[in-house]
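In what follows, a single structure is set out as structure tokens and then discussed.
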Amino acid sequence: MQRGILLFAAALAMAGWLGGQTPNAQNGRRLFEVKACYECHGWRGQGGLAGPRLAQTKLTLQGFRNILRNPPPSQMPPFRAAVLTDAEVADLFAYIQSIPPPAPAESIPLLKP
């Protein structure tokens, strides 16, 4: 998983999306908390009553940024560039990409028949 994030970050940096900066998942986690994303999307991006699951998203960085900037009609406020820079959006995306998938149900003893 970590290798995939590093390759993704390198590709973005080479494409010039971040001005040569590598996305920082640690800062993304901080932003996830500071911007209160967890309130709707859960502490691990698992989704909740008000927000969809973010962990293991199939969105690209561009798609993620587009939804942040112009969310579909919902309770979610738009996070324009004055609120989150493109580099911060990339950090948030790197954090979301770093969240490991949940354990399979069959590996949880209480869920075994």
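Can you spot a residue in the range 71-83 that is within 21 Å of Gly42 (Cα to Cα), basic (Lys, Arg) and either modelled with pLDDT of 95 or more or in contact with a Leu (Cβ under 6 Å, 6 or more places away or on another chain) (or both)? No: zero hits.
Take Tyr38 and tell me if it is over 10 Å from the mean Cα position of the chain (by Cα) and either among the aliphatic types (A, V, I, L, M) or modelled with pLDDT of 95 or more (or both). Criteria met by Tyr38. Before we move on, is Arg30 surrounded by fewer than 17 Cβ atoms within 10 Å (Cβ to Cβ), part of a helix (DSSP H, G or I), modelled with pLDDT under 95 and basic (Lys, Arg)? No: the conditions fail for Arg30. Can you pull out the residues in the range 47-74 that are crowded, with 16+ Cβ neighbours inside 10 Å, under 18 Å from Pro102 (Cβ atoms) and under 12 Å from the mean Cα position of the chain (by Cα)? Those that are crowded, with 16+ Cβ neighbours inside 10 Å, under 18 Å from Pro102 (Cβ atoms) and under 12 Å from the mean Cα position of the chain (by Cα): Leu54, Ala55, Thr57.
Scanning the range 57-113 for residues that are in a helix (DSSP H, G or I) and touching a residue at least 40 places away in the same chain (Cβ under 8 Å) yields a total of 13.
Residue-level analysis places Ala25 outside the set of residues that are surrounded by 16 or more Cβ atoms within 10 Å (Cβ to Cβ), in contact with a Lys or Arg (Cβ under 8 Å, 6 or more places away or on another chain), under 13 Å from Ile96 (Cβ atoms) and not hydroxyl-bearing (Ser, Thr, Tyr). Filtered by the rule that a residue be assigned to a loop (DSSP other than H, G, I, E, B) and at pLDDT 95 or above, the range 13-27 gives Pro23, Asn24.
The values are calculated or read from the model by the stated rules, or taken from the named source; none is laboratory data. Quantities reported herein were computed from a predicted structural model and do not represent experimental measurements. A quick note on method: Cβ atoms are made from the backbone with ideal geometry, for glycine too, and the neighbour counts reach across all protein chains shown.
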